[in-house]
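The values are calculated or read from the model by the stated rules, or taken from the named source; none is laboratory data. Not measured: the values here are computed from a predicted model. For neighbour counting, all protein chains shown are included, and Cβ atoms are generated from backbone atoms with ideal geometry for every residue, glycine included. Surface accessibility is based on the protein's heavy atoms, side chains included, excluding ligands, DNA and RNA. Shrake-Rupley method; radii C 1.70, N 1.55, O 1.52, S 1.80 Å.
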Amino acid sequence: MAGRMVVGSAALAGLVRPASAPDPVGGHRILPVRPELTGLLPGRGLRRGSTIAVGLGQPRHSGTTSLLLALLAEASRAGSWCAVVGMPTFGAGAAAEAGIALDRLALVPQPGPEWPTVVAALIDGVDVVVTAVPATVSASVAVRLAARARQRGSVLVPYGRWDGADLTLQVVRGTWEGLGAGRGRLRRREVTISAHGRGAAARAKELTVWLPGDELTRVIPRSATTADRSPPARFRVLASPHPAEHAT
């Protein structure tokens, strides 16, 4: 089953709940994330009303799509609705593999010039809204959308540069393992994520984990050596790169 493909304002109106409707997760202010990522986030989860930007990494530091999937997975499994806007190569199959509930996932691959309206409508009724940031977005529009998320209790996750975010996460290092001298299989990816922001997130943090995939993430201690980094026995081997990674 694919995520719901949403096209046009009329379709959005049928998807989102009114802003005055009861909170579907009981008013909890913190939406859960994978345990491995809690140390990066104030409150150890996605705080409702916050703006958490995911910065674009360098091509050789790919892994940002896996980071987005990991951020959404636990909240989705707990019953939250999620939306992804302006990412036409976002893979529903990769989302399902990461643990995201596709029956609570809305996809708006091509919002066009209505991008601010689409994002604002989703903020009104969806718990977590991920959106690629258009190059032409103005500071005033960004401020209005962040304020709307704060008012409505949605978590806004801009993918790209977003000045004034409460927290910015960025993949600063990422390397695949498994290939030998011209042969082998891509088995796993070691990803280092930095976090910096405002207020409780003002102190910069950095964490290294294995991504992507359900039951494939764990924190890699800073003191770990290459020999120590073999995954636990419950980890399965990836036969090929994660489908969503072609979007990074």
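No other residue among G26, G49 is at pLDDT 90 or above, surrounded by fewer than 21 Cβ atoms within 10 Å (Cβ to Cβ), more than 15 Å from the chain's Cα centre (by Cα) and assigned to a loop (DSSP other than H, G, I, E, B) apart from G49.
Scanning region 75-128 for residues that are open to solvent by 50 Å² or more (accessible area, probe 1.4 Å) and assigned to a loop (DSSP other than H, G, I, E, B) turns up A78, W81, P88, T89, Q110. Scanning region 135-167 for residues that are open to solvent by 30 Å² or more (accessible area, probe 1.4 Å) and among the β-branched types (V, I, T) gives T136, V137, V143.
Every condition in (1) modelled with pLDDT of 95 or more; (2) assigned to a loop (DSSP other than H, G, I, E, B) is met by A142 except one, and the failing one is (2).
Return yes when T208 is modelled with pLDDT under 90 and either surrounded by 16 or more Cβ atoms within 10 Å (Cβ to Cβ) or outside any strand (DSSP E or B) (or both) and no when it is not. Spelling it out, T208 is indeed modelled with pLDDT under 90 and either surrounded by 16 or more Cβ atoms within 10 Å (Cβ to Cβ) or outside any strand (DSSP E or B) (or both).
Which members of region 56-74 meet the condition of being open to solvent by 10 Å² or more (accessible area, probe 1.4 Å) and at pLDDT below 95?
L56, G57, Q58, P59, R60, H61, S62
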